[in-house]
Amino acid sequence: MSKPLSERYQQALRTLESIDQAQVFRFYEQLNDQQRDQLLTQVENIDWPEVARLVETHVKRTPALNLPKNVQPAPYYPCQPTSELKPRYQQARSLGEQLIREGKVAAFIVAGGQGTRLGWDGPKGTFPATPIRKLSLFGCFAEYLIALNIRFGVSIPWYVMTSLVNDADTRAFFAAQNYFGLNRQDVFIFPQAMMPAMDMATAKVLLADRDSLALSPNGHGGSLKALHTSGALKDMAQRGIEQISYVQVDNPIVRVVDPLFLGLHALDSAQMSSKMLPKCEPFEKLGNFCLINGQVTVIEYSNLPQELAVQRLDNGDLRFRAGSIALHAIRVDFVRKLNEAPGGFALPFNRAEKKVPFVDLQTGEMVSPQKPNAIKLETFVFDALPMAQTSIIYETSRDDEFAPIKNATAPGAVDSPATSTAMQIDRARTWLRQAGVEVADDAVVEIKATTALYPEDLRQVKLPKSIGPGEIVLL
Ligand code: UTP
């Protein structure tokens, strides 16, 4: 039996009064029971002592950035192995393939974000991403997994993290798509935790409605806790999963599970590893892989001192060259240890000033602010990297693996559906040309993951001799 509303209300009120946040119950008396239940459920799911602490450290003031003096660039495995590294790469690829074949690898997509920049009406994973079929982002990842499942004779379990803002819609989409033909029992969807937004001037938690807190997901760093609280880690243990392949929802050409990367990570007994891209300019908006006291650490592009960002090596390469694209290999027992540590674990929170619509407590009217009025707090998954004893970085190729969809298409917009589509088509044309097909520069080509995961897979495929100007070809 759940507790009566009045009891829940009294308990929640005591907690909120003790931290001076009882204004969230301003309209409680006017709500019906269903609305009261909704508001109380939201309140009960927030870690209020943590909120109270963060109000002091991150809302009432901006925390100082203490960058240590001895920041070094982090070493990485190059995309193409040197002759010395070739045997290691071969060994790594075999090991990665073996881990997949033995059912020890899970795919993990973090899809709890709000996707505000894209402005798509629905979970970002439902966005039609490919050039010809307009396959959704979730559809792209599912197809990649299906291709791997066929290749390795397995059914790779797929964990999808959502949040309150898109959980129901995501589940409905998967159901409507019949789980893309994957085994239903191998898809595990779970929500991450939420964090209330606070007024910048008063540090008070805002209401999104009379019966609702202004909540947003607590950042992709929340995934490391949510894996534990949702039971996903337990499910992984039961399945004998050892490694998690962590990817974001916004990149349709990502290698959802990459045997070479996983193998390099496993060979070095790393707990949490990353893929990187060489930055194309010193201030490209990618986090920088650095070494601080010997630990791999990501320093955000806005926090890397300018004099370091522009430094170059003798060969002209940027000294801080390795940019983070949020692809990680993570050992299951690393995530478990973090969660089971006495007193738990905490990733640092980051403060962002945002425009958050809210209910005016005096008038009860909705206000849509024209400038940032609120503080949102998020944790980032890469902040777990320094907690790993060993962490490797592997360089991937931009053309082959990075066509993100972040922003709405607009003149000059980067990382948009238009730029992603162009990159997907470019990649497909390049792969076909490598396979000996003549392809016109304006041909539109899409290659399914089930047709080829790598350019060399096209050798097994019946291909046209040429693809003429303006032709549209799906392979
Ligand atoms: P982004 O930093 O691009 O944020 O997330 P976003 O919320 O999706 O988009 P904007 O900033 O509102 O436009 C990078 C990845 O991390 C996931 C996103 O779903 C995306 O895959 N993410 C982000 C979460 O899973 N939870 C979060 O709280 C934040």
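Of all the residues in the stretch 416-450, those that are surrounded by fewer than 19 Cβ atoms within 10 Å (Cβ to Cβ), part of a loop (DSSP other than H, G, I, E, B) and without any contact (Cβ under 8 Å) to a residue 60 or more places away in the chain number 5. The number of residues in the stretch 254-289 being surrounded by 22 or more Cβ atoms within 10 Å (Cβ to Cβ) and either within 15 Å of the ligand (Cβ to nearest atom) or part of a strand (DSSP E or B) (or both) comes to 10. Only one of the numbered conditions (1) modelled with pLDDT of 95 or more; (2) exposed (fewer than 14 other Cβ atoms within 10 Å of the Cβ) is not met by G344, and that is (1). Scanning the stretch 192-227 for residues that are within 16 Å of the ligand (Cβ to nearest atom), farther than 12 Å from L377 by Cα and not small (G, A, S) gives Q192, L213, L224, K225, L227. Restricting attention to the stretch 136-153, the residues being aliphatic (A, V, I, L, M) and farther than 14 Å from V254 by Cβ number 2.
Considering only residues in the stretch 99-110 that are more than 13 Å from the ligand (Cβ to nearest atom) and β-branched (V, I, T), the one that is nearest to the chain's Cα centre (by Cα) turns out to be V105. Of the residues F174, F180, F188, the single one that is of a type outside the set (S, T, Y), in contact with a helix residue (DSSP H, G or I) (Cβ under 9 Å, 6 or more places away or on another chain) and away from the ligand (no atom under 16 Å from the Cβ) is F180. In the set (1) at positive phi; (2) among the hydrophobic types (A, V, I, L, M, F, W, C); (3) without any contact (Cβ under 8 Å) to a residue 60 or more places away in the chain, A203 fails one condition alone, (3). The residue of the stretch 390-408 that is surrounded by the fewest Cβ atoms within 10 Å (Cβ to Cβ), among those that are part of a loop (DSSP other than H, G, I, E, B) and more than 13 Å from the ligand (Cβ to nearest atom), is S397. When we screen G122, G139 for residues that are surrounded by fewer than 17 Cβ atoms within 10 Å (Cβ to Cβ) and either within 16 Å of the ligand (Cβ to nearest atom) or closer than 27 Å to K354 by Cα (or both), the only hit is G122. Within the option set A435, A413, A443, being of a type in the set (G, A, S) and either within 16 Å of the ligand (Cβ to nearest atom) or within 25 Å of A329 (Cα to Cα) (or both) holds for one residue only, A413. Out of (1) of a type in the set (S, T, N, Q); (2) closer than 30 Å to I299 by Cβ; (3) touching a strand residue (DSSP E or B) at 6+ places or on another chain (Cβ under 7 Å), the odd one out for Q21 is which? The number of the failed condition is (2).
So, G113, is that one under 22 Å from L385 (Cβ atoms), within 16 Å of the ligand (Cβ to nearest atom), assigned to a loop (DSSP other than H, G, I, E, B) and in contact (Cβ under 8 Å) with a residue 12 or more places away in the chain or not?
Working: under 22 Å from L385 (Cβ atoms): yes; within 16 Å of the ligand (Cβ to nearest atom): yes; assigned to a loop (DSSP other than H, G, I, E, B): yes; in contact (Cβ under 8 Å) with a residue 12 or more places away in the chain: yes.
So G113 passes the test.
The values are calculated or read from the model by the stated rules, or taken from the named source; none is laboratory data. In this text, all values refer to a predicted model and were calculated from it rather than measured experimentally. Neighbour counts are summed over all protein chains in view; Cβ atoms, including those assigned to glycine, are modelled from backbone coordinates with ideal geometry.
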